[in-house]
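J.: My questions all concern the structure below.
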Amino acid sequence: MSKKISLLVAVIVIGFFLGMSMSTFTSAAETVKIGVILPLSGPVAPIGKTCRDGMDYAVKEINEAGGIKSMNGAKMKLIYADSTGKPEVGLSEAERLILHEKVSALMGCYQSSVTYTSTGAAERYKTPFLVVISVMPKITERGFKYVFRPTQMSTEQAGAMVKFLYDMGAVSGKKVSTVALLYENTDYGQACATVWKEACKKYEFEIALDESYPHASTDLTPVVIKLKRAKPDAVLNAAYISDMILLIKGAADLQFDSMAWVCSGGGELDPKFIPAVGNLANYIFTVTPWQYDLVLAKPWIKKVSEGFKAMAGVDLTTVSAMTYSDIYVMKDALEKAGSSDRQEIRDALAGIDITSGKAMILPFERIKFDKTGQNPYQRMIVSQFLDKKIRVVFPEEFAAPGVKAVWPMPPWSKR
């Protein structure tokens with residue numbers, strides 16, 4: 001074989017192996033794996049699915065639009081894990097996703113108690129964790145460097161509930177004087193109750209009843225009996241779906257009347273709530289960072305809503321809008337990092353400052369994290385169930401045309 005031919009063969013062989021090497025590198029960069037921990041089985045599974053739907057639609061949009069541009073169009077891939085609603089399972093699943101699935105970041109877990117343990121694992125293994133919905137303040141109060149929460153803590157949400165009672169009294173002239181605190185006994189409910197008590201002192205509301213009950217109770221009739229005996233002007237309530245259904249049915253059965261029943265964005269937002277209680281839901285208030293009426297505010301949100309419904313078969317909800325936003329926060333971080341490296345994604349999350357784009361489907365001032373990993377720029381809106389639909393009623397700037405709060409709630413005898 002001549003030297004020229006030998007050289008040509010060598011070039012071809014080297015080129016082949018270089019091509020194989022580059023192809024392997026490109027394939028590795030084609031997907032960014034994000035681990036997501038949610039309650040996909042058990043009593044809270046329907047809302048876990050709602051969380052998943054919002055995430056799936058956002059990822060679908062991002063990937064169809066060309067993926068992560070700074071990573072040559074890398075696609076986002078969500079690796080789901082089922083917490084079953086248990087903190088210990090969430091912890092083990094976080095470790096599995098980090099150590100075996102080799103995800104670049106974690107997201108989750110809806111339930112605060114599960115998020116609390118899972119974020120501990122993420123911090124230990126230096127893996128960025130974007131908190132999904134969980135409101136327990138302690139999640140971002142441990143000095144962690146890898147945990148970030150775009151949405152509200154229970155302190156902000158619970159405080160907004162009490163302030164709403166005060167504001168509506170001032171606006172309507174029909175003021176609340178006494179309040180009942182009704183909450184399930186997990187971290188979620190207890191955190192809400194702590195803030196309610198402080199806020200009630202601030203606004204000079206008397207606490208007529210302070211009642212905690214076991215999560216996922218089978219009978220809450222005794223609680224409703226206590227509520228009726230206490231005769232509060234208003235009820236502040238933190239409950240997951242099964243408890244929420246029992247409480248509202250119990251209030252109707254025992255004809256417990258009050259000026260307002262205000263919920264903390266828990267079980268009343270579960271897709272099973274309206275089918276379970278029907279018209280009994282009417283006039284209940286809920287305090288959240290998003291509601292469907294905001295679709296009317298901006299044309300691009302309406303387009304997102306239509307696309308989401310075509311995929312999921314249901315309307316966009318508070319929960320799915322929040323998780324949709326979360327994915328776009330993660331996308332922003334990936335674009336800034338330009339890498340699937342965990343440390344670089346963590347640093348990008350710490351430095352984001354979002355004021356426009358699809359992450360702002362929520363009516364926040366901005367999404368930017370303070371030194372604790374909490375976004376202090378979120379804000380809450382108040383909605384009311386009217387004709388079995390959740391309508392924004394307060395502040396009025398976010399209310400749909402012609403939609404007004406019914407205050408006080410009508411007694412059961414007149415419904």
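J.: What angle, in degrees between 0 and 90 and rounded to the nearest 10, separates the Cα long axis of helix 241-253 from the longest principal axis of the Cα atoms of the chain?
T.: Result, in degrees: 20.
J.: Under the 0.36 nm per residue contour assumption, what length would be gained going from the current alpha-carbon distance of GLU64 and LYS197 to full extension? The partial results should precede the final answer.
T.: Working: separation 133, 0.36 × 133 = 47.88 nm, distance 4.79 nm.
That works out to 43.1 nm of additional length.
J.: ALA238's amide H: which non-local residues (gap 5+, or another chain) put their own amide H closer than 5 Å, with H modeled 1.01 Å from N in plane and none for Pro or chain starts?
T.: HN-HN under 5 Å from ALA238: LEU182, TYR183, GLU184.
J.: By per-residue mean of other Cβ atoms within 10 Å, what is the highest-first order of 122-133, 104-115? Before the final figure, lay out each step's value.
T.: Details: 122-133: 22.9, 104-115: 27.8.
Top to bottom by mean Cβ count within 10 Å: 104-115, 122-133.
J.: Classify region 148-245 as rounded, prolate or oblate from the Cα gyration tensor: take a ≥ b ≥ c as the square roots of its eigenvalues, call it rounded if a/c is under 1.5, otherwise prolate when a/b beats b/c and oblate if not. Show your work: numbers first, answer last.
T.: Numbers: a/c = 2.05, a/b = 1.14, b/c = 1.80.
Note, shape of region 148-245 comes out oblate.
J.: Can you give the angle from 0 to 90° between the axis of helix 3-29 and the longest principal axis of the chain, with both taken from C-alpha atoms, to the nearest 10?
T.: Between helix and principal axis, roughly 10 degrees.
J.: Taking the Cβ-Cβ separation of ASP257 and LYS145 as r and a Förster radius of 56 Å, what is the calculated FRET efficiency to the nearest 0.05? Mind showing how you got there, number by number?
T.: On the way: r = 50 Å, r/R0 = 0.89.
Rounded to the nearest 0.05, the efficiency is 0.65.
J.: So if I place +1 on the C-beta of Lys and Arg and -1 on the C-beta of Asp and Glu, and nothing else carries charge, what would the dipole magnitude of region 261-370 be about its Cα centre? I want it in debye, nearest 20.
T.: Values: 12 positive and 14 negative charges, 53 e Å.
Dipole size: approximately 260 debye.
J.: What FRET efficiency would be calculated for the residue pair SER177, TRP412, taking the C-beta separation as r and a Förster radius of 30 Å, to the nearest 0.05?
T.: The computed FRET efficiency comes out at 0.90.
J.: How many angstrom lie between the Cα centre of region 260-291 and the Cα centre of region 29-85?
T.: Cα centroid to Cα centroid, the span is 26 Å.
J.: Which of the three applies to region 36-147, rounded, prolate or oblate, going by the alpha-carbon gyration tensor with a ≥ b ≥ c and a/c under 1.5 meaning rounded?
T.: On the way: a/c = 1.81, a/b = 1.30, b/c = 1.39.
Verdict is oblate for region 36-147.
J.: Show me the ranking of peptides 252-263, 177-188, 304-315 by mean Cβ neighbours inside 10 Å, starting with the highest.
T.: Details: 252-263: 19.6, 177-188: 21.9, 304-315: 14.7.
Packing proxy ranking, top to bottom: 177-188, 252-263, 304-315.
J.: I'm spelling it out carefully: the read-out is Cα Rg over 2.2 N^0.38 Å, the candidates are [x] 0.96; [y] 1.00; [z] 1.11, and one was derived from this structure. Which label?
T.: The value matching this structure is [z].
J.: A further question on this structure: Near the amide H of ARG391, under 5 Å away, which other amide H atoms are found, from residues 5 or more places off or on another chain, if H is placed in the peptide plane?
T.: Here the answer is GLN384, PHE385, LEU386, since their amide H atoms fall under 5 Å of that of ARG391.
J.: Using a 10 Å cut-off on Cβ atoms, rank the peptides 225-238, 283-296 from the highest mean neighbour count down.
T.: Numbers: 225-238: 21.1, 283-296: 22.9.
Sorting 225-238, 283-296 by mean packing, highest first, produces 283-296, 225-238.
J.: Rounded to the nearest 500, what is the 222 nm mean residue ellipticity of the chain from helices alone, with -39500 (n - 2.57) per DSSP H run of 4+ residues and division by all residues? The partial results should precede the final answer.
T.: Numbers: 12 runs with 181 residues, N = 415.
The helix-only estimate for the chain comes to -14500 deg cm²/dmol at 222 nm.
J.: How far is helix 318-337 tilted off the main Cα axis of the chain, in degrees rounded to 10, range 0 to 90?
T.: The helix 318-337 is inclined about 30 degrees to the chain.
J.: Let me ask something else. Which of the pairs LYS69/LYS358; LYS86/LYS358; LYS60/LYS138; LYS303/LYS371; LYS60/LYS371 have their Cα atoms more than 23 Å apart in this structure? Mind dumping the intermediate values first?
T.: Working: LYS69/LYS358 16 Å; LYS86/LYS358 32 Å; LYS60/LYS138 33 Å; LYS303/LYS371 35 Å; LYS60/LYS371 32 Å.
Violating the 23 Å Cα-Cα cut-off are LYS86/LYS358; LYS60/LYS138; LYS303/LYS371; LYS60/LYS371.
J.: Which lysines, on any chain, are close to LYS404 with Cα under 24 Å apart, when same-chain ones fewer than 8 places away are left out?
T.: Partners within reach: LYS163, LYS174, LYS175, LYS298, LYS302, LYS388, LYS389, LYS414.
J.: Farthest toward the dipole's positive end in region 144-199, which of GLY169, TYR183, ALA158, given Cβ charges of +1 (Lys, Arg) and -1 (Asp, Glu) about the Cα centre?
T.: Value computed over the given set: GLY169.
No value in this document is a laboratory result; all are computed from the given coordinates. Worth saying up front: this structure is predicted, and the values here are computed from it rather than measured. Note: ideal-geometry Cβ built from the backbone for every residue, glycine included; neighbour counts use all protein chains shown.
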